[in-house]
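No lab work stands behind these numbers, since they all come straight from the coordinates. Given the structure is predicted, the values throughout are model-derived calculations rather than measurements. All Cβ positions, even for glycine, are placed from backbone atoms using ideal geometry, and neighbour counts span all protein chains on display.
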Amino acid sequence: MLVAARSSYGQVVTLKEQQRAASVSPAPRTASTATPRQHAAGVATAMGSAIANQTGAAIGALAFPALGPVGVVAVRQLIAALVLAPIARPPYRAMSLHQWRPVLGLAVTFSVMNLSLYTAVDRIGLGLAVTLEFLGPLTVAISTSRRTTDIAAAFAAVVGVVVLTHPNASSDLLGIGSALVAAVAWACYILLNRTLGRRMPGVQGTAAASTVSAVVWLPIAAILFVSNPPALTALLLSVGCALLSSVVPFTCDLLALRRVPANIFAILTSLNPVWAALVGWLVLAQPLAAAEWLGIGLIVVSNAVVTASGLLRRARSPSHMRPTIRHRPGPAVLPSDQATCRE
């Protein structure tokens, strides 16, 4: 027998439809209320975010012959601002000098971080460049720690760097140096975002910095593209890089952090160098030697250990803060230190 009920709007709803509606789990507001199925979806989303991020960098590298790292970074900064600014809608006119200072610093950091990273990708490959860049958040996390575990992790990371780069007379010092500059810029990004998080709500500070960065890069892009008009393919690759490295991870991370605890999310993010190495191999034909995989593994494990120990200490602290969301979070940075978008 077909059983039906009448909703408050007068529509007839069958029992079968009621059961179907009841079986659909609503989107969780926080990770603590997520079901096991939603946790699994959150883990998959976080991994998808990392893969999209590294795939975007690889696609951008395919445009280097036509645009160079400068042209790809210019397109990425413009696209990121066009997407993020309308979402966050920062109050530019109402912002005080107290707020503008870190915003301007963050805008410079965006440019230095992305340009140095893409220069490193162009010279030493995606896997090595991204792995060395991850030393930035690791350094920030370890700098205030005196725990034996964290010191041991730091030592392991140093060993990983030596194994990974294998310094010798033929080493690409400019490429390695560019990756390390990107690491320093990422550390500065984290510290500036802490400041902005106390002075502006949500991602308004990051959006404002993206806008400033785009304003700076717009004339650079115009000069580059007018003096040497790129092929449509190169432009499409750069746009794809911007979307996969900025827009997609931003959206995925927002969804993932509603479904998985911050500690799991941060540890999953520690795997970014592994994804970078795999994507570099598959998309850019950049295979790594066994020693290079060993170096990446040491740095990844160091990040994961420092992240886990830091989150455990914070969880045990009665004054710990709730985690916030950031795009492509640093593996060794506690969630409350992370910002929502890393452009």
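A few notes on this one:
- Ranked by the mean number of other Cβ atoms within 10 Å of their residues, highest first, the peptides 136-146, 288-298 fall in the order 136-146, 288-298.
- Cα shape, the stretch 192-270, gyration tensor, a/c 1.5 rule: oblate
- Compared with the alpha-carbon gap, the fully stretched path from L218 to V158 is longer by 17.8 nm at 0.36 nm per residue.
- Sites L191 and T251 - FRET efficiency at Förster radius 30 Å, r taken between beta-carbons, to 0.05: 0.75
- Per-peptide packing, taken as the mean over residues of other Cβ atoms within 10 Å, places 238-248, 112-122, 81-91 in the sequence 112-122, 238-248, 81-91 from highest down.
- Here the contact order of the stretch 56-337, divided by its residue count and restricted to Cα pairs under 8 Å and six or more residues apart, works out to 35 percent.
- Between V283 and T148, the distance separating the two model label sites (each 7 Å from Cα on the Cα→Cβ line) works out to 4.3 nm.
- When each of the peptides 209-222, 41-54, 257-270 is scored by the mean number of other C-beta atoms lying within 10 Å of its residues, the order from highest to lowest reads 257-270, 41-54, 209-222.
- Multiplying the residue separation of A44 and A290 by 0.36 nm and subtracting their alpha-carbon distance yields 85.8 nm.
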